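The next block holds one structure in the form of structure tokens; read it before the comments.
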Amino acid sequence: MSADMWDAPLDDQQPAADYIADPEAERILAAAVMARTDLVDDLAVQGFDPADITTDRYRWIWFAVEEIRTSLQPGAIRWEAVERQLQAFRADGRMPTVPATKDELAQLYIEATPGSAAWAADRVTKKAMAARLVAHGHASITRGRSAAFDPDTDIADAQTELDGVIRQSSDDETITVGDVLADVLESAVTKPTTEDRIPTGFIDLDGLFCGGLAPGQMVVVGARPAMGKTTFGLGLARAAAIQHGIPTLFESLEMGRKELGMSIVSAESRVPLHHMKQGIVDDDGVQRLARRAPAVKDAPLFINDNAHLTMPVLRARVRHLVRTAGLRLVIVDYLQLMQAPKAESRQVAVSEMSRQLKLLAKEFGITVVVLAQLNRGPEQRTEKKPMVSDLRESGAIEQDADIVILLHREDVYEKESSRAGEADLIVGKHRGGPTATITTAFQGHYARFVDMAAT
């Protein structure tokens with residue numbers, strides 16, 4: 001290799017005046033990792049990303065140390081080993097710029113202060129975040145000024161990109177089983193509360209789910225049309241928000257906000273829904289409405305009836321409500337009506353939406369309940385009872401769900417059934433727990449399902 005390469009002018013271009021960086025912190029970091037190569041792994045575990053180093057020669061010093069740290073011989077002069085690796089990078093075309101000179105590498109090594117590495121890495125990371133924030137601002141301005149600006153997608157995309165400004169640290173992702181032992185033992189002797197679980201409003205269902213629905217879960221409620229999917233979903237929302245004060249979001253793609261409001265008030269006050277719709281509620285009913293109105297009014301229950309719901313829009317709304325209201329429960333009515341992303345087939349699109357809903361629950365630590373329509377399988381069977389495999393359009397829904405509840409009412413198919421007014425909640429899948437069929441009462445005139453004992 002020609003020695004002329006090392007005599008070439010250095011890539012000393014400084015960042016533009018409006019570019020955010022801290023070259024001195026980057027210099028300290030490059031020197032520190034040469035002196036203590038194990039810092040490469042230590043800082044990486046803490047979430048440091050060398051791509052945040054803006055000065056080329058310092059960034060390539062990091063990469064060189066990363067390359068040689070496991071093969072470095074005891075007693076080796078480390079700056080010379082780094083120089084050889086930089087020459088190798090340059091020779092095979094991996095490094096497009098001229099690296100630091102021998103003299104600069106030697107001087108860096110002499111000045112190294114490994115004890116300052118953590119501070120320097122933190123400075124570099126913060127400056128990189130600031131730079132990304134500025135870049136995000138410029139991109140948002142460009143997006144907003146575009147003639148093709150679409151608030152439904154562009155604002156949601158901008159919010160998603162804003163999440164990328166802060167790269168999540170990985171220092172708490174990998175643990176030993178012993179690290180969770182104390183929490184496990186404590187949970188074994190402590191009954192869950194509404195701080196840990198979201199009550200469903202059904203005694204037997206809560207018992208099956210160890211006190212209610214857990215954060216991070218995706219719960220699928222499947223049924224054929226007219227079985228009461230929306231009524232059941234609203235029941236979950238009422239139990240959480242009105243009865244227990246748990247912030248809840250109900251996304252309705254089918255019913256309008258006034259219709260939803262009527263169903264909620266009817267169920268809470270036990271005033272017949274059809275009387276409310278006809279405007280013929282009597283004095284006794286008005287008193288019952290007045291008694292429950294304050295509880296309904298003050299409940300942290302958020303309703304959105306935009307029929308054009310996409311995953312980016314839902315994600316943005318959830319992010320906002322988690323931050324501002326402490327959102328814990330999201331109910332989507334229903335999956336097949338969501339605006340699907342572009343995909344090679346409807347099945348692939350539904351699979352992607354299902355996966356994204358599960359990731360939404362896990363990322364924000366909330367419970368996501370997804371109402372879904374079943375195919376015609378139950379109607380083609382003699383017994384009519386639904387099965388998990390009847391979930392329409394994609395087996396991915398079953399795969400992603402932690403819990404699958406299927407609604408079944410015999411009187412929908414047989415008006416003179418001896419079980420008129422009864423509804424089965426068939427728990428067909430329960431990850432990590434038992435399955436069962438729980439019988440409830442369907443009070444359609446009050447737009448609600450209730451425990452049999454409550455009748």
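The values are calculated or read from the model by the stated rules, or taken from the named source; none is laboratory data. Computed from a predicted model, the values in this text were never measured in an experiment. In this analysis, Cβ positions are derived from the backbone assuming ideal geometry, glycine residues included, and neighbour counts consider all displayed protein chains.
Those residues that are surrounded by fewer than 18 Cβ atoms within 10 Å (Cβ to Cβ) and aliphatic (A, V, I, L, M), I need them from segment 390-431; list them, please. Across segment 390-431, the qualifying residue is only A420. Give segment 185-231 a look and list any residue that's more than 24 Å from the chain's Cα centre (by Cα) and among the hydrophobic types (A, V, I, L, M, F, W, C), or say none. Answer for segment 185-231, where residues must be more than 24 Å from the chain's Cα centre (by Cα) and among the hydrophobic types (A, V, I, L, M, F, W, C): L185, A188, V189, F202, I203, L205, L208, A223, A226, M227.
Scanning segment 311-335 for residues that are outside any helix (DSSP H, G or I) and crowded, with 20+ Cβ neighbours inside 10 Å yields a total of 8.
Of the residues V265, V296, V286, which is β-branched (V, I, T), in the same structural domain as Q339 (by TED's automatic domain parsing) and without any contact (Cβ under 8 Å) to a residue 12 or more places away in the chain? Full working, then the answer.
Details: V265 fails: without any contact (Cβ under 8 Å) to a residue 12 or more places away in the chain; V296 fails: without any contact (Cβ under 8 Å) to a residue 12 or more places away in the chain.
None of the others qualify; the one that does is V286.
Just to verify a result, which residue in segment 347-388, among those that are among the charged types (D, E, K, R) and under 23 Å from the mean Cα position of the chain (by Cα), is farthest from T248 (Cα to Cα)? Full working, then the answer.
In the first step, residues of segment 347-388 are kept if they are among the charged types (D, E, K, R); the result is 352, 355, 358, 362-363, 376, 379, 381, 383-385.
When the remaining residues are screened for being under 23 Å from the mean Cα position of the chain (by Cα), the result is 352, 355, 358, 362-363.
Details: E352: 24, R355: 21, K358: 17, K362: 16, E363: 17 Å.
Result: E352.
Name the residue that is nearest to F63 (Cα to Cα), counting only residues in segment 76-106 that are outside any helix (DSSP H, G or I) and among the aliphatic types (A, V, I, L, M). Break it down stepwise before answering.
First, pick out the residues of segment 76-106 that are outside any helix (DSSP H, G or I): 76-77, 92-101.
Okay, now just the ones that are also among the aliphatic types (A, V, I, L, M), so 76-77, 95, 98, 100.
Numbers: A76: 18, I77: 17, M95: 10, V98: 14, A100: 13 Å.
Result: M95.
Would you point out which residue out of L249, L260 is in contact (Cβ under 8 Å) with a residue 12 or more places away in the chain, within 25 Å of S351 (Cα to Cα) and touching a strand residue (DSSP E or B) at 6+ places or on another chain (Cβ under 9 Å)?
Among L249, L260, only L249 is in contact (Cβ under 8 Å) with a residue 12 or more places away in the chain, within 25 Å of S351 (Cα to Cα) and touching a strand residue (DSSP E or B) at 6+ places or on another chain (Cβ under 9 Å).
A Cβ distance below 8 Å, combined with a sequence gap of six or more or placement on separate chains, defines the contacts here; from segment 359-374, residues that are at pLDDT 90 or above reach residues that are hydroxyl-bearing (S, T, Y) in the pairs A361/T367; V370/Y334; V370/S354; L371/T230; L371/Y334. Any residue at all in segment 181-194 that is in a strand (DSSP E or B) and either under 23 Å from D451 (Cβ atoms) or touching a Cys at 6+ places or on another chain (Cβ under 6 Å) (or both)? The answer is no; no qualifying residue exists. If I go through segment 417-455 residue by residue, how many of them are among the hydroxyl-bearing types (S, T, Y) and part of a strand (DSSP E or B)? Residues flagged as among the hydroxyl-bearing types (S, T, Y) and part of a strand (DSSP E or B) within segment 417-455 amount to 3.
Quick check, is K102 touching a residue at least 24 places away in the same chain (Cβ under 8 Å) and not acidic (D, E)? For K102, the condition - touching a residue at least 24 places away in the same chain (Cβ under 8 Å) and not acidic (D, E) - is met.
Of all the numbered requirements in (1) of a type in the set (V, I, T); (2) more than 13 Å from I331 (Cα to Cα); (3) not in a helix (DSSP H, G or I), I242 misses one, and that requirement is (3).
Tell me the residue from A299, A267, A293, A316 that is hydrophobic (A, V, I, L, M, F, W, C), at negative phi and touching a Leu at 6+ places or on another chain (Cβ under 8 Å), please. Full working, then the answer.
Numbers: A299 fails: touching a Leu at 6+ places or on another chain (Cβ under 8 Å); A293 fails: touching a Leu at 6+ places or on another chain (Cβ under 8 Å); A316 fails: touching a Leu at 6+ places or on another chain (Cβ under 8 Å).
Selected residue: A267, the only one of A299, A267, A293, A316 that is hydrophobic (A, V, I, L, M, F, W, C), at negative phi and touching a Leu at 6+ places or on another chain (Cβ under 8 Å).
Checking H308, H275 one by one, the residue that is surrounded by fewer than 19 Cβ atoms within 10 Å (Cβ to Cβ) and in a loop (DSSP other than H, G, I, E, B) is H308 and no other.
Name every residue in segment 203-239 that is of a type in the set (G, A, S), surrounded by 24 or more Cβ atoms within 10 Å (Cβ to Cβ) and part of a helix (DSSP H, G or I), in order of residue number.
Residues of segment 203-239 that are of a type in the set (G, A, S), as a first pass: 207, 211-212, 214, 216, 222-223, 226, 228, 233, 235, 237, 239.
In the following step, the residues that additionally are surrounded by 24 or more Cβ atoms within 10 Å (Cβ to Cβ) were identified as 212, 222-223, 237.
Scanning segment 203-239 gives a single hit, A237.
Rundown of residues vs (1) assigned by TED's automatic domain parsing to the domain that holds K229; (2) small (G, A, S); (3) in contact (Cβ under 8 Å) with a residue 24 or more places away in the chain, yes/no style:
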residue	(1), (2), (3)
E398	yes, no, yes
V404	yes, no, yes
L407	yes, no, yes
R419	yes, no, no
I426	yes, no, yes
G433	yes, yes, yes
A436	yes, yes, yes
T439	yes, no, no
A447	yes, yes, yes
